[in-house]
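Here the structure is laid out as structure tokens; the discussion comes afterwards.
The values are calculated or read from the model by the stated rules, or taken from the named source; none is laboratory data. Owing to the predicted nature of the structure, the values given are computational and were not obtained by experimental measurement. Cβ atoms come from the backbone with ideal geometry, glycine included; neighbour counts cover every protein chain shown. We work out accessible area using only protein heavy atoms, side chains counted, and drop any ligands, DNA or RNA first. Shrake-Rupley method; radii C 1.70, N 1.55, O 1.52, S 1.80 Å.
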Amino acid sequence: SAGMNDGRELAYAGHYPAALDVLDTLENPQSALALTYYGFTHRKAGRGALGMSYYDAALAADPNNLLARSYMGQGHVASGDMMRAQAQLTEIRMRGGRDSWAETALASAISTGQGYSY
């Protein structure tokens, strides 16, 4: 939807309060994808624990949400928890995400110790 795309683009650009405002207007802010972007926005805005709680909710709604798994893994890289990051990479691969952006981004984050900003 346009709102979801607007929220995603604002979050990727670093406009976190604006991104949250847009996400709050979504028809279904509890969808797995919306929860993923809430998590991303909060994590990038420096609220790591809150971001992780949104990823947990996104994965409860859809365990095959590879984007949430990738972002969660990147959050683990950022906090230095490489075992949990590697566990999410394994989950992505086991759930059919080999060669996807989710796998590539997380594998890169693990190898460099740096996450993506998008």
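Among all residue pairs at least 6 apart or on different chains, which show Cβ distances below 7 Å where the first residue, located in the stretch 31-54, is under 11 Å from residue 20 (Cα atoms) and part of a helix (DSSP H, G or I) and the second is of a type outside the set (A, V, I, L, M) and open to solvent by less than 20 Å² (accessible area, probe 1.4 Å)?
Matching pairs, first to second residue: 37/7; 39/51; 39/55; 39/71; 40/51; 40/71; 42/51.
So, in the stretch 55-75, exactly how many residues are under 23 Å from residue 108 (Cα atoms) and part of a helix (DSSP H, G or I)?
Step one: filter the stretch 55-75 for residues under 23 Å from residue 108 (Cα atoms), giving 55-56, 58-59, 63-75.
From what's left, part of a helix (DSSP H, G or I): 55-56, 58-59, 66-75.
Number of matching residues: 14.
Looking at (1) open to solvent by 50 Å² or more (accessible area, probe 1.4 Å); (2) farther than 25 Å from residue 112 by Cα, which one does residue 32 not meet, given that it meets all the others?
Tallying (1) open to solvent by 50 Å² or more (accessible area, probe 1.4 Å); (2) farther than 25 Å from residue 112 by Cα, residue 32 fails exactly one: (1).
Out of everything in the stretch 71-101 that is loosely packed, with under 13 Cβ neighbours inside 10 Å and among the small types (Gly, Ala, Ser), what residue ends up being nearest to residue 38 (Cα to Cα)?
Ranking the candidates gives 80 first.
Picking from 47, 43, 69, which residue would you name as being closer than 22 Å to residue 13 by Cβ and within 12 Å of the chain's Cα centre (by Cα)?
On inspection, the qualifying residue turns out to be 43.
Can you report the number of residues in the stretch 19-29 which are part of a helix (DSSP H, G or I) and open to solvent by 40 Å² or more (accessible area, probe 1.4 Å)?
Going through the stretch 19-29 one residue at a time, the tally reaches 2.
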